[in-house]
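In what follows, a single structure is set out as structure tokens and then discussed.
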């Protein structure tokens with residue numbers, strides 16, 4: 001098991017973490033099996049996405065548009081609830097197949113971190129399951 005630290009720079013952003021995952025796979029010499037990523041935070045999420053120019057902003061706009069404007073009851077900070085809901089809805093873990101030391105991804109697919117409450121330092125636990 002390894003940990004990857006990602007430093008985000010904006011309040012809301014999409015960060016391509018594919019290179020960091022590939023570095024872990026190479027460091028572990030993990031050739032084939034499954035790679036599990038687990039994000040240890042409740043105001044961010046993980047996903048697989050196309051990162052053509054502007055697509056990241058389109059996704060963030062769409063996520064914001066999906067969130068209803070309700071009177072939230074979160075005692076810590078009601079304005080912070082949408083970040084928690086997005087994290088829960090999108091998810092904080094991914095399972096990715098690995099072949100020849102690399103994640104098996106489609107042509108346009110990238111492994112991404114969705115930041116909803118940055119800038120922050122985010123930690124991801126990486127576990128590899130040998131096939």
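Worth a mention:
- Residue check, residue 86 within 18 Å of residue 13 (Cβ to Cβ), within 13 Å of the chain's Cα centre (by Cα), surrounded by 14 or more Cβ atoms within 10 Å (Cβ to Cβ) and modelled with pLDDT under 95: yes
- When the range 25-37 is limited to residues that are surrounded by fewer than 19 Cβ atoms within 10 Å (Cβ to Cβ) and within 21 Å of residue 106 (Cα to Cα), the one that is modelled with the lowest pLDDT turns out to be 31.
- Filter result for residue 125 (surrounded by 13 or more Cβ atoms within 10 Å (Cβ to Cβ), in contact with a helix residue (DSSP H, G or I) (Cβ under 8 Å, 6 or more places away or on another chain) and either in contact (Cβ under 8 Å) with a residue 24 or more places away in the chain or in a strand (DSSP E or B) (or both)): no
- Out of 46, 57, sole residue that is surrounded by 12 or more Cβ atoms within 10 Å (Cβ to Cβ) and either more than 23 Å from residue 5 (Cβ to Cβ) or more than 12 Å from the chain's Cα centre (by Cα) (or both): 57
- Test for residue 104: is it surrounded by 12 or more Cβ atoms within 10 Å (Cβ to Cβ), in contact with a strand residue (DSSP E or B) (Cβ under 6 Å, 6 or more places away or on another chain), more than 16 Å from residue 4 (Cα to Cα) and modelled with pLDDT of 95 or more: yes
The values are calculated or read from the model by the stated rules, or taken from the named source; none is laboratory data. All values derive from a computational prediction rather than experimental measurement. Don't worry about glycine lacking a Cβ; one is built from the backbone with ideal geometry, like all the others, and counts go over all protein chains shown.
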